Amino acid sequence: MLSLQTVLAIFSMLGLSSFAVFWAKKVKLPHTVFLVVMGIALGVLAKIPFFSFFDQFQLTPELLFFILLPTLIFESAYNMHARKLVEDVKIVFILSVVSLIVSAAIVGILLYAVLALLGFTIPLTVTLLFGALISATDPVAVLALFKEFGAPRRLSLIFEGESLFNDATSVALFFIVLQVVLFGYHGFATIGLGILSFTVMIVGGIGFGAFMGGLFSKLVGLTRENETASITLTIVLAHTTFILSELISSHLFIGSFDVRISSIIATTIASIIMGNYGRAKIHPRAEEFVEKLWGQFAFMANSIIFILIGILFISVPFNDPIIVMTVALTILIVAFARAVSVYPIVGLFNFFGNSEALVPRSWQHLLSWGSLRGALAVTMVLLIPEDLSIAGWPLSSVTPREFILALTVGCIFATLFIKATTIQAIMKKLKLDELTNIEKFERVEASALSSHEVAKRLELYASRGYISHTIAQSLLMESTKAYDRACTSVTELAKATQDNLAPRVSRMYAIGIEKKHLKELYLYNEVNENVYRRINGKLTIQLESIERGKLDPDMSIHTDEKDIFEAVAVWIKKMVKPLTAAEKIQDEFMYYRAQTIISRKVLKTLSSVEFEYASNIFTQEALSHVTELYTTFKTQSEAKMNTTHTAHPEICDVLLNQLALRGVQKIEETVLDDIYEQEFVTPKLYLTLQEEFRK
């Protein structure tokens, strides 16, 4: 029940977590670790009557499962790049399913054997239940550290993919073992039913998640012009998918078989679809806000979870020597199981895999050591019935649930206070935080561009009297020195490397400009969704190809086998509502027109940096290559646009008239935004005019 004390506890925790961001940096602790420390302190303070309201807000399965967990899943999956995930889908699957099952089995069997040797006969089903829940890694706890310390992007994606999907594997395995604990083991029938249940959970979760992701992507597209509605739909998607999955699992039976689907898998798949396919349907003005909104939601959910884990620590019976000894042994066993589930299995993957997909040994070290535990493990413990009793239970001081809770909290604390605090040192030791050659090149070119722009602005400000000439000259001297150092570094790096870094980085810079202006065209409806997807898909494939070192990517490819959501969507559209002949012609004309515009924007941006400076920043060879290339692109696109117009003048003229009206609307909205910011019109008048302009 929600009370005043509970509400006060929630907002007090959120307020403290905000300050914890700064306090954690001062004491050089990861934010999540500091939150747990804060939770322990609050748990102690809660014993004082004045602070007793902190005890009114506790972790419950409902809070974690239906409110906080979907939030964390959506935020992580929404920002996951599906194309990159497809590239590493094999290793992600192996780590999230095979490695987790291996880890759970090792933990369960080894813990049972060690405790039996010490004279404590804990049922194997109980230790296997613990193995299932403790083997899932927590993406929230470690990915923030990866980002902060500069882990390789592919390693971060593998870890994030594993963490998201092994959550589902862990929960599925946990429920199967829990059924055995509650109702007993009946030989082959139990094993067969368990395998069937596990398969149905995973496959059902994928299917339902795909349905929900596709449905809500369509709904977001229908509400594109109403940013508030489309943003709200992303919130509804995350929690509705999770809750409906649980409702289906509670009420769907085929004969006597209880059909359960994985709510975590369903929410993950739906979120990935929304973040990749559905993202293009969100209005560009709302897209950035959606990312920030969900980042804020994830921060708040994460803060509450780790503070409550700290408070929960106070209630765990660590005063019992037997429990303390068991926890210490369990921590070692879990670490050993993780190592065994990573090194041999990834080693086999590398042996049979291709050279491009190999997982380096240094990455394996971090995958093993960086396996932090968190919210999901606690959630599953709380799903164990409080009144669970087991015949012949050997520990009179604790119940089976309290025993598993103590082991879980102990392992969480070990991973947070030992592993999380040492990840940075390990990354430095393994040299995983070092910049790649292309990142080094991008860094010095970005520095050169920035210094050059600062120098231009200083001269302008001084000429207009915004700053004194004395101060301007002093700052100008510093900027010039920084520019010269950066340009020298560009030249040195270009000579030191033999993999065409200068042309590659210049092309990547140009593609970035294209993407920026393509989004602007989409913002003002100068390209439709079909054209936007085609060009954006082509630019993405080119960018990936250039990043891998291929300087002349195929310019005719718009999608490939990695664009699984696009392929399915195109197939459905062809089946349901294929384009008419006139619509195909309009799309073709709009496509070449957009290509012409963004090519022109690239050339304009490059020419805005005076050639003598640009040739130093990008190297003359690279700049000449990109300039010639985009001049050709512009010429070819203009020619194809004109050819299409000549062949179909009536259809193209109708489109040009529509685009002109949209251009007028763009000007009207820009002017309206400016005069509103200047308080020339009232909020009421602003909304009225905005509606008029959009009609």
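The values are calculated or read from the model by the stated rules, or taken from the named source; none is laboratory data. Keep in mind it's a predicted model, so treat the numbers as computed, not measured. Cβ placement follows ideal geometry from the backbone for every residue including glycine, while neighbour counts extend to all protein chains displayed. Just the protein is used for accessible areas: all its heavy atoms, side chains included, with ligands, DNA and RNA removed. Shrake-Rupley method; radii C 1.70, N 1.55, O 1.52, S 1.80 Å.
What's the extension gain from K574 to R361 if we count 0.36 nm per residue and subtract their Cα-Cα distance?
That works out to 72.1 nm of additional length.
On the protein heavy atoms, probe 1.4 angstrom, tell me the percent of accessible surface of the chain carried by carbon and sulfur.
Numbers: 21350 of 33450 Å².
So the carbon and sulfur contribution to the accessible surface is 64 percent.
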To the nearest 10 square angstrom, how much accessible area does M508 have with a 1.4 angstrom probe? 30
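Can you list, largest first and rounded to whole Å, the semi-axes you get for the range 534-689 by taking the square root of 5 times each eigenvalue of its Cα gyration tensor? Don't skip to the end; give the middle numbers.
On the way: eigenvalues 192, 153, 69 Å².
Here the semi-axes work out to 31, 28, 19 Å.
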Tell me, in nm to one decimal, what length is gained between L14 and D484 on full extension, where the rule is 0.36 nm per residue of separation less the Cα-Cα distance? 164.6 nm
For the range 629-673, the Debye formula with one identical point scatterer on each Cα and no solvent gives log10 I(q)/I(0) at q = 0.15 Å⁻¹ as -0.57
Largest first, how would S163, S624, S250 line up by accessible area (1.4 Å probe)? S250, S624, S163
Run through all the Cα pairs of the range 527-584 and give the fraction in each 5 Å bin from 0, expressed as whole percent. 4, 17, 22, 24, 16, 9, 5, 3, 0
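May I ask for the Kirkwood hydrodynamic radius of the range 1-123, worked out over all distinct Cα pairs and given in angstroms to one decimal? It would help to have the intermediate numbers written out before the result.
Details: mean 1/r = 0.0532 Å⁻¹.
Hydrodynamic radius (Kirkwood, Cα only) of the range 1-123 equals 18.8 Å.
Stokes-Einstein D for the chain at 25 °C, 0.890 mPa s, Kirkwood Rh over Cα pairs, in µm²/s?
Numbers: Rh = 28.7 Å.
The Stokes-Einstein estimate is 86 µm²/s.
Which semi-axis lengths, in whole Å and largest first, follow from the square roots of five times the eigenvalues of the Cα gyration tensor of the range 439-595? Write out the running numbers ahead of the final one.
On the way: eigenvalues 355, 102, 20 Å².
Ellipsoid semi-axes (Å, largest first): 42, 23, 10.
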Here, T199 and E650, labelled 7 Å along Cα→Cβ, have an inter-label distance in nm of 5.9
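Quick one: net charge around S96, please, counting Lys, Arg +1 and Asp, Glu -1 for every other residue with C-beta under 10 Å from its C-beta. Before the final figure, lay out the partial values.
On the way: positive: none; negative: E162, D167.
That sum, taken over residues with Cβ under 10 Å, equals -2.
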Euclidean distance between Cα centres, the range 449-500 to the range 254-269, Å: 59
Taking the chain as the reference, fit the longest principal axis to its C-alpha atoms, fit the long axis of helix 263-276 to the helix C-alpha atoms, and give the angle between the two in degrees, 0 to 90, nearest 10. 10
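Starting from 0.36 nm per residue, how many nanometres of slack lie between A582 and M508 once their C-alpha separation is accounted for?
Working: separation 74, 0.36 × 74 = 26.64 nm, distance 3.49 nm.
Gain on extension, A582 to M508, equals 23.2 nm.
Taking a ≥ b ≥ c as the square roots of the eigenvalues of the Cα gyration tensor of the range 99-213, is the shape rounded (a/c under 1.5), prolate (a/b larger than b/c) or oblate? Please list the in-between numbers first.
On the way: a/c = 3.29, a/b = 1.35, b/c = 2.43.
Note, shape of the range 99-213 comes out oblate.
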For the pair K218 and Q296, how long in nm is the line joining their label points, each one 7 Å along Cα→Cβ? 3.2
Just read off the accessible area of D138 with the full protein assembly in place, 1.4 Å probe, to the nearest 10 Å². 20
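Name the shape class, rounded, prolate or oblate, that the alpha-carbon gyration tensor gives for the range 385-443, where a ≥ b ≥ c are the square roots of its eigenvalues, rounded holds for a/c under 1.5, and otherwise prolate holds if a/b is larger than b/c and oblate otherwise. Display every interim value, and only then the final one.
Numbers: a/c = 6.15, a/b = 4.16, b/c = 1.48.
The shape class here is prolate.
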Helix 188-222 axis, angle to the chain major axis (alpha carbon atoms, nearest 10°): 30
Under 17 Å from a point placed 7 Å out from the Cα of L244 along the Cα-to-Cβ direction: which residues of the range 152-168 have their backbone N that close? none
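My understanding is that a pair violates if its Cα-Cα distance is over 19 Å; which of K90/K147; K84/K550; K147/K515; K281/K573; K84/K218; K516/K584 do that in this structure?
Numbers: K90/K147 23 Å; K84/K550 17 Å; K147/K515 24 Å; K281/K573 15 Å; K84/K218 24 Å; K516/K584 25 Å.
Where the Cα-Cα span goes over 19 Å, the pairs concerned are K90/K147; K147/K515; K84/K218; K516/K584.
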Along principal axes, largest first, the alpha-carbon spread of the range 224-283 in whole Å comes out as 47, 19, 14
Hey, rough spin-label estimate for A496 and A567, points 7 angstrom out along Cα→Cβ, what's it come to in nanometres? 4.2
For the range 194-228 and the range 324-392, compute the distance between their C-alpha centroids and round to whole Å. 28
Could you give each residue of the range 381-397 its phi-based ³J(HN,Hα) in whole Hz, using Karplus coefficients 6.51, -1.76, 1.60 with θ = phi - 60°, and x for Gly or Pro? 4, 5, 7, 6, x, 4, 8, 4, 10, 10, 4, x, 4, x, 9, 6, 7
Suppose R0 equals 51 Å. What FRET efficiency, 1/(1 + (r/R0)^6) with r the Cβ-Cβ distance, do A660 and L383 give to the nearest 0.05? 0.25
Could you grab the relative contact order for the range 89-197? Cα pairs under 8 Å, six or more apart, rounded to a whole percent. 33
For the range 178-225, take every pair of Cα atoms, bin their distances at 5 Å starting from 0, and report each bin as a whole percent. 4, 18, 15, 14, 10, 10, 8, 7, 6, 5, 2, 0
Nearest-0.05 FRET efficiency for I471 and V681, computed from C-beta distance (R0 51 Å): 0.85
Rounded to the nearest whole number, the per residue volume of the convex hull around the C-alpha atoms of the range 363-499 in Å³ is 226
Most packed first (mean Cβ within 10 Å per residue), the peptides 48-58, 523-533 order as 523-533, 48-58
Convex hull projection area averaged over all views, the range 555-646, Cα basis, nm²: 8.0
So, in Å, what gap is there between the alpha-carbon centers of the range 273-313 and the range 507-522? 26
Rounded to the nearest 10 degrees, the helix 620-647 long axis (Cα) sits at an angle to the longest Cα principal axis of the chain of 80
On average over all directions, what projected area in square nanometres does the range 332-409 have, based on the convex hull of its Cα atoms? 7.4
Show W571, W294, W363 ordered by accessible area, largest first, where the area counts protein heavy atoms only and the probe is 1.4 Å. W571, W363, W294
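Accessible area per residue for the range 352-461 in Å², computed with a 1.4 Å probe and the full protein assembly in place, what is it?
Details: 5040 Å² over 110 residues.
Accessible surface, normalised per residue, equals 46 Å².
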Hey, could you grab the Kirkwood Rh for the range 186-270? Inverse mean 1/r over distinct alpha carbon pairs, Å, one decimal. 13.9
